[in-house]
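Q: Input: one structure, supplied below.
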Amino acid sequence: MTLEDWLAHCERLHPKTIDMTLDRVRAVKEKLGIAFDCPAIVVAGTNGKGSTCAMLESIALHAGYRVGLYIKPHLVHFQERCRVGGAPVAAESLEPHFEAVEAARGDITLTYFEFTTLAIMRRLQHEPLDLVILEVGLGGRLDAVNVIDGDCAVITSIDLDHTEFLGSDRESVGREKAGIMRTGRPVVVSDPMPPASLAERALEIAADLRQLGRDFTFSGDRTQWQWAGRGKRFSGLAYPALRGVNQLLNASGVLAAFEALADRLPISAQAVRTGLALVELPGRFQVLAGQPAVVLDVAHNPHAVAALAQNLDQMGFFPRTHAVFGAMADKDLAGILAKVAPLVDAWHFTDLPIPRAATAAQLEAAFLAAGLKTPPDVATHTHANPLDALHAAAAGATTADRILVFGSFYTVGGVLQQGLPRVTAGAAEPKPPTLH
């Protein structure tokens, strides 16, 4: 069976997409004997997980370590989720591990996420690694990744998302994320205003809590920044290559994690500087060169979209912004749209190839129902797929305009199916004002 065959098999195996419990995945993990003989960092949070994982990987690679990374979801190809030595593994190399999970599970019905998580962890286990980084999916306490006891836990910013599973307030969400903590082991919290439930859980199980603003801090000016932890400092740092207003929060948490593991994974200042300068993560405020400018961002909850709006506002002047948007139906669509609507002059809503997604027509209806069509000349359009939506946006744009593609990973991934998209402005250039 090819990787595509296995993925199709995983989709048919369990009646639910999400079935939160660790019993099934723990039983199969023990049968497979999955364990890591190198330090493992487990990363949870609502926003900033992907950026945190990418910076952890980049710094460790530039320190000379061999790194395995499980990151999700993918944008185009499934094997993007499993990285070794800074690159996705070959699809064929995953196939034996899917086969091993299938043999070990017996009559246990795993969800798609549980099955694929086990296969990827087994793939990483068979590599000679110095560090494993595992990104949590939904929540923490009952996420499949939590069958691994991390040597260090990192919890990024906390906000409301997946409320039907994680709770309707930040304290409830925090309690779920805190499930990745382990007794006596470091847990880094990079949220500047964390819910109290995180500290409560750390105290309850005697975890080594390292909190931003108390155990580590950062400061900076327009050209450089510095970081100070419990016993280590880094100064004269260039800003991370990842764009965005929250990347210093994420980078500070990354350095705190390395400080916590310094006896096993010493990191030089040069590795920090080079790793942050060269880190890459597609789809996180990724600005493509060209005219019109194209911005790709997988922000898909109000908190992340608020940060996106702030980043857009700091880009400079563009006569018009054309937005391509697709999202899951269970998201706070009105809250998402309201955050960025003041910056958008034309909307291109798109269908996505997944049953959970809202249709383009539903997205347009949510936008209109929220009363966000101000000024009244803001245009709305619907499309069958993200790439069609992007080309339609380009057709209505001038070279001086900006196109924003955001929302679900399927939205951004949809415009990257054939590589980085090339767009050509189709609208007439605005005439300069007549001077009298």
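Q: Just order 57-66, 351-360 by mean Cβ neighbour count inside 10 Å, highest at the front, would you?
A: The densest-packed peptide leads the list: 57-66, 351-360.
Q: Mind checking which of ALA119, LEU3, ALA207 is farthest towards the positive end of segment 3-278's charge dipole, using Cβ charges of +1 (Lys, Arg) and -1 (Asp, Glu) about the Cα centre?
A: With unit charges placed on the Cβ atoms, the residue in question is ALA207.
Q: Under unit Cβ charges (Lys, Arg +1; Asp, Glu -1), what dipole magnitude, rounded to 20 debye, does segment 1-117 have relative to its Cα centre?
A: Once rounded to the nearest 20, the dipole reads 400 debye.
Q: Roughly speaking, what is the centre-to-centre gap between segment 363-427 and segment 316-342 when only Cα atoms are used, to the nearest Å?
A: If you average the Cα positions of each part, the centres end up 10 Å apart.
Q: Shifting gears a bit: Just from the alpha-carbon atoms, what are the Rg and Dmax of the chain in angstroms?
A: 22.0, 82
Q: Just to check I understand the Karplus step: with θ = phi - 60° and J = 6.51 cos²θ - 1.76 cosθ + 1.60, what whole-Hz values come out for segment 131-144, glycine and proline as x?
A: 8, 10, 10, 10, 8, 6, x, 9, x, x, 4, 10, 6, 4
Q: Right, here's the next one. Going 7 Å from the Cα of ALA361 toward and past its Cβ, which residues in segment 377-396 have a backbone nitrogen under 15 Å from where you end up?
A: Counting only backbone N, you get 381-385.
Q: Another one. For a 29 Å ceiling on Cα separation, which of these pairs sit above it: LYS29/LYS177; LYS31/LYS331; LYS232/LYS331; LYS177/LYS331?
A: Those over the limit are LYS31/LYS331; LYS232/LYS331.
Q: Can you classify segment 175-305 as rounded, prolate or oblate using the Cα gyration tensor, where a ≥ b ≥ c are the square roots of its eigenvalues, rounded means a/c under 1.5, and otherwise it's prolate if a/b beats b/c and oblate if not?
A: Because a/c hits 1.5 or more and a/b fails to exceed b/c, segment 175-305 counts as oblate.
Q: What translational diffusion coefficient, in µm²/s and rounded to a whole number, does the Stokes-Einstein relation yield for segment 134-230 at 37 °C and a viscosity of 0.692 mPa s, taking the hydrodynamic radius as the Kirkwood radius over Cα pairs?
A: Calculated translational D: 234 µm²/s.
Q: Further question: Could you state the principal axis extents of the C-alpha atoms in segment 289-373, from the largest down, to the nearest angstrom?
A: 36, 25, 21
Q: Amide H to amide H under 5 Å from LEU131: which residues, 5+ apart in sequence or cross-chain, H placed 1.01 Å off N in plane?
A: Those lying under 5 Å, H to H, from LEU131 are ARG66, GLY68.
Q: Search the structure for amide H atoms under 5 Å from the amide H of ILE403, placed 1.01 Å from N in the peptide plane, and list their residues when 5 or more places away or on another chain.
A: ALA293, VAL294, VAL295, HIS322
The numbers here are math on the coordinates, done by the rules we state, and not lab data. For clarity, every value in this text was computed on a predicted model and none was experimentally measured. Methodologically, a virtual Cβ is constructed for each residue, glycine included, from the backbone with ideal geometry; neighbour enumeration extends over all protein chains shown.
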